[in-house]
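Have a look at the structure below before the remarks.
The values are calculated or read from the model by the stated rules, or taken from the named source; none is laboratory data. Computed from a predicted structure; not experimentally measured. We work out accessible area using only protein heavy atoms, side chains counted, and drop any ligands, DNA or RNA first. Shrake-Rupley method; radii C 1.70, N 1.55, O 1.52, S 1.80 Å.
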Amino acid sequence: MFKKIFGFMLLLVLIGILLSNIIQSNYEGNHSEPDYHVTGDDNMQGGTIAPVESVGLEPGDKAPDFELETLDGESFRVSDYQGKKVILNFWYTWCPPCKEEMPEMQQFYDDYKDEIEIVTINMTEYEKKQQDVQEFIDEYDFTFTVPLDKNSEVADAYTIYAAPSTYFIGTDGTVQQPRKIGPMDYEFMQEMVEGLN
């Protein structure tokens, strides 16, 4: 009797595994690339489901001013760049999408630094040590400004909950494009900057 019950249970488990594999195979065949359009924007990459209060600054909002020390030991204030277009990016050294976009940002900065300032705020509170930031920037010869947000005060002011996150600030000191969450490429930055006044 025990052998029959054991055999029956084993048969049920094997049938369950087979059905699970068939269902998974059909699902992957029909859903090879996720098609999540929660924003309504078919071109949006990545994304995070987050509470309403994490929406952040909207186009037309004044960019909050702040003062941070840069990797070079200089004082940086975003208000010092009023009159110039600014790409304000938040990142970590250990973030793969951040690493992916930084060479593109450097190329964009090399080509447009007379028209735009790229500021990459490192969220230093979440780094193992501050020296990691310096080593990362030196390793890849990035030349844009790198302020250090050691206590997340600026990240909080800009409602940053994922990295990389980027704001596009116009010459009047206001946010003029929707915030980008996720990595940017050269063409995307061109498009965003063309929409800045």
For segment 90-166, what is the relative contact order in percent, using Cα pairs closer than 8 Å and at least 6 residues apart in sequence?
44 percent
How high is the relative contact order of segment 55-121, in percent, counting Cα pairs under 8 Å that sit 6 or more residues apart?
31 percent
Computed over segment 60-197, protein heavy atoms only, probe 1.4 angstrom, the accessible area per residue in square angstrom equals 47 Å²
List every residue whose amide H lies under 5 Å from the amide H of Thr174, counting only residues 5 or more places away in sequence or on a different chain, with H placed 1.01 Å from N in the peptide plane.
Ala63
